[in-house]
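Rule-based calculations on the coordinates, nothing more; no lab input. Worth saying up front: this structure is predicted, and the values here are computed from it rather than measured. Positions of Cβ are generated from backbone atoms using ideal geometry, with glycine treated the same way; all protein chains shown enter the neighbour counts.
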Amino acid sequence: MQLQVTLDTPRIDQCAEIVEQIHEYVDIVEVGNPLIIETGLQLVSALRDEFPQLDICADAKIVNSGHYIASRCFDRGASVVTIMGVAADQTVEGAVAAAELMGGRIMADLTGIADIANRARELEELGVYYLCTHTGYEDRQLASNPLSDARPGIARAFYSMLGYDNPLRELNLVHANTTGRARTAVVGRINEDNIDEVVAQGPELILIGRAIVGAIDPAQAAADLRHHFAW
């Protein structure tokens, strides 16, 4: 089980300082999509140069031009690049081909997919390395506990009937409907209050953002969270 820290909210000039504090406790540092919007891939390159021992994830959220965008991310130092699971198969195939050519890995974000079980199987067959269940930012703002009630009211009841109203149920669907060739990952306001619940479901990768980067002491927060699962 590995830990990925997601850099989404700190100021750009704080990112290297935060990574310097936490690098011994994390396996992957993600340059979140908001920061990629702000900086292009400059921050990916800067972190790769400063922390060569770490894997860097570029949260590009690819929806088209899979090979081209993934290649550019790998060129700039990314180890992992994200693609949206709703992207066309040809887009996924292109991104996976770029990863295979350049020694990288593709993470598929399962946000917005109605049939998680079927699409997870398809994405695994297409060769993605990680399948990530994800409570989106807007859903998190509406949820008192994003791991149990990510969608409010009628929408939550509807999705609950289908068995995928939160990232942990979606994670269980992925585990039940794939072969294990693709690793599983989960993200969605994970913190000290719910980390044990997440660990118990057995994802290979846990993505944590604000509980670490927004902490008064990011290093201590990362160490405390990492303590909950095996190195």
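For the reader, a short list of remarks on this structure follows.
- Residues L205, L126 in ascending order of nearby Cβ atoms (within 10 Å, fewest first): L126, L205.
- Matching label, P(r) over Cα pairs in 5 Å bins from 0, in percent computed from the structure shown, candidates [x] 1, 5, 10, 12, 14, 13, 11, 9, 6, 5, 4, 3, 2, 2, 1, 1, 0, 0; [y] 1, 7, 16, 19, 21, 18, 12, 6, 1, 0; [z] 1, 6, 13, 17, 16, 13, 10, 8, 6, 4, 3, 2, 0, 0: [y]
- Put the Cα centre of the stretch 64-126 next to the Cα centre of the stretch 12-58 and the gap is 20 Å.
- Taking the alpha carbon gyration tensor of the stretch 28-137, multiplying each eigenvalue by 5 and rooting it gives semi-axes of 22, 15, 12 Å, largest first.
- Measuring r between the beta carbons of E93 and H175 and using R0 = 25 Å, the FRET efficiency lands at 0.55.
- Residue exposure proxy: R181, R105, ordered by other Cβ atoms within 10 angstrom of their Cβ from fewest to most, comes out as R181, R105.
- Contact order, relative form, for the chain: 20 percent (alpha carbon pairs under 8 Å, 6 or more residues apart, mean separation divided by residue count).
- 14 Å reach of a label modelled at A223, 7 Å along Cα-to-Cβ, counting backbone N of the stretch 8-25: 21-25
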